[in-house]
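Working notes, beginning with the structure itself.
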Amino acid sequence: MNKLTDEILNKFLDNELDQATHKMVKEQLDSSVENRKRLKALQAVHNELSKLKESELGDDFTTKLMKKIAKKSKAKKDQKIFVFSVSSIFVAISVLIIGYVVFAILSAPSAGQGSEKIIGNTVNAFQSITDPIKNFLTGKNIAIIGSVFSFGLLLSIYFVFDTLKRVKHSIGKSN
Amino acid sequence: MKNLTDLEIIESVKRGNQNDYSIIVDRYKNKAFSLVKRMLKNEMDAEEVLQDCFIKAFNSLDSFRNESKFSTWFYRIVYNTTLTKLSSKKRKIESEMSSVDDHFDLESKYDYNMTEKNDMSEFINNMVDELPVNYATVITMFYLNDMTCEEISKALDTSLSNVKVMLYRSRNALKDIVLKNNYTEEFL
């Protein structure tokens, strides 16, 4: 008696054997009680596994999940709007500065001929912007500005962390 | 609306109808929950992980390119997210799909007294829970989630032969217990 391997029996069960092998296995099954018993057991396991039942989730799972998704989508949208606003302001300021510099270059009194004239005008324009800033950032002023800037930075960090904490808390609650 | 295919629903969600995603959730939640629960062996963790899976899938819908079925793509997310949860809980690293060489002794976990009192479906259900995570995953995907071996191999990112080896070994282990205890007649 030839004992069929487990692999062959599994393939027979799943109908994965070619015609010739399928026929050969059938013959061996017909001639061997032992093989038939093994196939019967395997078939029984297969049938029982096919009856495995799904675990069911509560009815509110979908509602809760969709609320969470909506909240996250809104947060994402708000973030995009914030980034867009900040970058718009940044771009507007940059455009204003560039515009001012160009205007200053074009309207400044001539300092020479050709390229020398352009360089001279550019230097003058930059100086007209940087000189007042340089004067402002000297002596006592720098200490005051440093203190105000640090205080502002600390306040911003505090508010950022506080907002993050509140967002996390509200997301946790919605779960 | 509920008769729409997965692809049609996804296209609708991509067009901005966010609420249509709830149809996908309702369609897959119980099958996916069964899979995650089988892997984590903890109902509360399973629900939490499944929520993450649906959110991840929603956020990645744009990257779904119809190259495979949505279910295969989604179960891949489910499987990987659950594996991450498993490793974060420092469970056995048996969950790695490459470990088809794992050997398991199902018979040592078989409680003779318990099965005398319970029906065979429950016996099989309990035995699947005793299988190593990757084997239980394959069995659940094949029998409960109606996936083919090819789809399972894609979802688990492993070879088709690995999937078949795990499927056959699991069945054989159960078959051996059935044979040893002459349960065949009762089963049929």
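Every read-out reported here was derived from the displayed coordinates using simple, explicitly stated rules and does not represent laboratory data. None of these values were measured; they are calculated from a predicted model. Here the Cβ positions follow ideal geometry from the backbone for every residue, glycine too, while neighbour counts run over all protein chains shown.
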Checklist entry - In terms of Cα to Cα distance under 28 Å, which lysines are near enough to A:K26, apart from those fewer than 8 places away along the same chain? => result A:K3, A:K11, A:K37, A:K40, A:K51, B:K164, B:K175, B:K180
Checklist entry - Which pairs, out of A:K76/B:K85; A:K77/B:K41; A:K67/B:K85; A:K71/B:K37, put more than 30 Å between their alpha-carbon atoms? => result A:K77/B:K41
Item to check | Dimensionless Rg ratio for segment A:2-57, taking C-alpha atoms and the 2.2 N^0.38 Å reference | outcome: 1.35
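Using a/c under 1.5 as the rounded threshold, could you call segment A:1-111 rounded, prolate or oblate? The axes a ≥ b ≥ c are square roots of the C-alpha gyration tensor eigenvalues, and prolate needs a/b larger than b/c, oblate otherwise. Spell out each step's value before the answer.
Working: a/c = 10.90, a/b = 3.19, b/c = 3.42.
Because a/c hits 1.5 or more and a/b fails to exceed b/c, segment A:1-111 counts as oblate.
Which loop GluC sites (Glu not before Pro) in segment B:1-87, with loop taken from DSSP, have no more than 11 other Cβ atoms within 10 angstrom of their Cβ?
Values: sites: B:E8, B:E11, B:E43, B:E47, B:E48, B:E67; in loops: B:E67.
Hits after loop and neighbour filter: B:E67.
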Checklist entry - Taking only DSSP H segments of four or more residues, each worth -39500 (n - 2.57), what value at 222 nm results for chain A once the sum is divided by all its residues, to the nearest 500 deg cm²/dmol? => result -29000 deg cm²/dmol
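DSSP loop trypsin sites (Lys or Arg not before Pro) in segment A:27-107 with at most 16 other Cβ atoms within 10 Å of their Cβ, which ones?
Numbers: sites: A:R36, A:K37, A:R38, A:K40, A:K51, A:K53, A:K64, A:K67, A:K68, A:K71, A:K72, A:K74, A:K76, A:K77, A:K80; in loops: A:K51, A:K53.
Counting only loop positions with at most 16 other Cβ atoms within 10 Å, the trypsin sites (Lys or Arg not before Pro) in segment A:27-107 are A:K51, A:K53.
Please give the average number of partner chain Cβ atoms lying within 10 Å of the Cβ of each residue in A:53-61, rounded to a whole number. Walk me through the numbers on the way to the answer.
Values: counts 5, 11, 13, 4, 12, 2, 0, 0, 9.
Averaged over the peptide's residues, the number is 6.
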